[in-house]
Amino acid sequence: MKGLLRWMLLVLVAALALQLFFIVRIATMAVIAPQSTAFQRSEAWRIASEKHQLRWRQQWVPYARISDNLKRAVIASEDGSFTNHDGVDWEALEKAWQRNAKAEEQVARQAAQQAARRSASRAGAAAARPLKAPKIVGGSTITQQLAKNLLLSGERTLVRKGQELVLTFLLERMLNKERILEIYLNSVEWGEGVFGAEAAAQHYYRKSAAQLSAYESARLAVMLPRPRYFEKLPNSGYLASRASTIAARMRDAELP
């Protein structure tokens, strides 16, 4: 019994020490720009392992040297209520949960229909069309995305999601919205080995982040959920269409 209690105490101390580390790390970000994020280091390792070369383009630029067009485009595309919520947009999260549940139900119905058709077939082996996996919608805010990318692994577990929420609230309490957006725009992925607004602007448009136009910014914002995918499809019709939609919404995006 004493051994079990000692083990539980060690786990508790370790958990508290980890939270203290996170608090200190976030507190330093108020004045010191993070050199890298957990996601960036993971990507650098993946690229180096697969391609035997290190590709990492990133150049930190202060908030004032990032085009307001890009700030508005990212907010309009990723988190329309960024300046008003406390880190989590509960309404958007609920809607995302409902959409995901409906998508999973639809796939389950399609699977049941396929099974029924196969059993009704005289041969009992009707050709089965492969089912598309349901499209999962996240509903994460900019602060949540930053919390995940900065300090956490990419695994999807309840424990990691719980830690993400704790870090989200810490970021919101210890940093202002402008600083959160500044760190996000300087660290988010915009292609394979391309991180941050300045690297993205140079990579795609051969200009600085301060010079990005409204439409260029909208295209970059639309790329964020799948940057490596869209990097390979620069002439994507969806990318152009969605960018036009985001450009029209930008005027309503509120900056911190």
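The values are calculated or read from the model by the stated rules, or taken from the named source; none is laboratory data. Since this is a predicted model, take the numbers as computed values, not measurements. Cβ atoms come from the backbone with ideal geometry, glycine included; neighbour counts cover every protein chain shown.
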Check your understanding: In segment 133-175, what count of residues is obtained for those that are over 23 Å from Ala76 (Cβ atoms) and either assigned to a loop (DSSP other than H, G, I, E, B) or at pLDDT below 70 (or both)?
Key -> 8
Check your understanding: Being modelled with pLDDT under 95, closer than 28 Å to Ala248 by Cα and assigned to a helix (DSSP H, G or I), is that true of even one residue in segment 112-132?
Key -> no
Exercise for review: Kindly indicate whether Pro225 is modelled with pLDDT under 95, within 21 Å of Asp79 (Cβ to Cβ) and touching a helix residue (DSSP H, G or I) at 6+ places or on another chain (Cβ under 8 Å).
Suggested key: no
Revision key, fill the gap. Checked pairs for segment 173-191, first over 14 Å from Val61 (Cβ atoms), second outside any helix (DSSP H, G or I) and β-branched (Val, Ile, Thr), C-beta under 8 Å and 6 or more apart or across chains, list as Lys177/Thr83
Exercise for review: Answer yes if at least one residue in segment 224-246 is assigned by TED's automatic domain parsing to the domain that holds His85, of a type in the set (Val, Ile, Thr) and surrounded by fewer than 21 Cβ atoms within 10 Å (Cβ to Cβ), and no otherwise.
Suggested key: yes
Revision key, fill the gap. Scanning segment 17-35 for residues that are at pLDDT below 90 and in a helix (DSSP H, G or I), the one surrounded by the most Cβ atoms within 10 Å (Cβ to Cβ) turns out to be Phe22
Point to revise | Residues located in segment 7-37, provided they are in contact (Cβ under 8 Å) with a residue 60 or more places away in the chain, of a type in the set (A, V, I, L, M) and closer than 15 Å to Val166 by Cβ | key: Ile23, Ile26, Ala27
